[in-house]
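The structure appears below as structure tokens.
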Amino acid sequence: MVGFVYIWTNKINNKQYIGSHIGTENDNYLGSGKAFNRAIKKYGIDNFERTILEFVEDNNVLREREQYYIDINDAANNKMFYNMKSKVGGGFEHINNALNHKQANIDRLKTRWKEKPHPRGMLGKKHTKENMEKTKAGWKNWAKKNLLRPVEKYTIDDLFLEEYESISIAAKSVNGNASNIKYTIEGKFKHAYGYKWKYKG
């Protein structure tokens, strides 16, 4: 299986968003539409429901099927959809069509690890004992700040409810996804699973 075509529905106003994704239905992907992501931030992910329209085993067919659903709903011109483009495709295809923009972005992606090296990986580093020890230490610091940091749960009205040792434990307590709680803490979502979330301190 390559991926699937999906449709998100806002349970408050019934407005929808059509998209496709190369991956699995449980890998935390939401969607890339700007208007759609603004709506998630405004209403909260809890107020959206996703339906898988169909699974597709070929990347080219996946895009064709997404286009099919966009066309039959005239999603780009329909006020009840968050879709802003009439043609499928993201990134270079409808944002940076100029060749100089494409090359600049390609060059940036190739060298990004030099500007912001990932603390958990050895990408771009020589596999010496010293570098490996630094990477291990970097991973521990990153985990302490992002994975093992205490999390607090609040009601929508900011009433404190409970404290958890980490995001993963907090997610298990509501049978939810750690990423959605993390996005809420970072301000991408207003709330998740009916609660507000904050790092302790």
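Return the sequence-ordered ³J(HN,Hα) values of segment 66-80 in whole Hz as given by the Karplus equation 6.51 cos²θ - 1.76 cosθ + 1.60 applied to θ = phi - 60°, using x for Gly and Pro.
These are the phi-based 3J(HN,Hα) values: 4, 4, 4, 5, 5, 5, 5, 9, 6, 4, 5, 10, 9, 5, 8 Hz.
What is the fewest-to-most order of Ser179, Ser86, Ser20 by other Cβ atoms lying within 10 Å of their Cβ?
Ordered by Cβ neighbours within 10 Å, fewest first: Ser86, Ser179, Ser20.
Could you tell me how many cubic angstrom of Cα convex hull volume segment 3-93 has per residue?
Looking at segment 3-93, the number lands at 93 Å³ per residue.
How do Leu161, Leu62 rank when sorted from fewest to most other Cβ atoms within 10 Å of their own Cβ?
Leu161, Leu62
Quick one: order Phe160, Phe36, Phe55 by neighbouring beta-carbon count within 10 Å, fewest to most. Write out the running numbers ahead of the final one.
On the way: Phe160 11, Phe36 23, Phe55 14.
By the 10 Å Cβ count, ascending, the order reads Phe160, Phe55, Phe36.
Can you give the percent of C-alpha pairs in segment 151-199 whose distance is more than 16 Å?
Numbers: 254 of 1176 pairs.
Summing the P(r) of segment 151-199 above 16 Å gives 22 percent of all pairs.
Please compute the length gained on full extension between Tyr29 and Asn175, using 0.36 nm multiplied by the number of residues separating them and subtracting their Cα-Cα distance.
Contour length minus Cα-Cα distance gives 50.8 nm.
For segment 151-199, what is the charge dipole size about the Cα centre, in debye to the nearest 20, if Lys and Arg each add +1 at the Cβ and Asp and Glu each add -1 at the Cβ?
Dipole of segment 151-199, to the nearest 20 debye: 240 debye.
Every number here is computed from the coordinates shown, using simple stated rules; none is lab data. Source: prediction; values computed, not measured. Don't worry about glycine lacking a Cβ; one is built from the backbone with ideal geometry, like all the others, and counts go over all protein chains shown.
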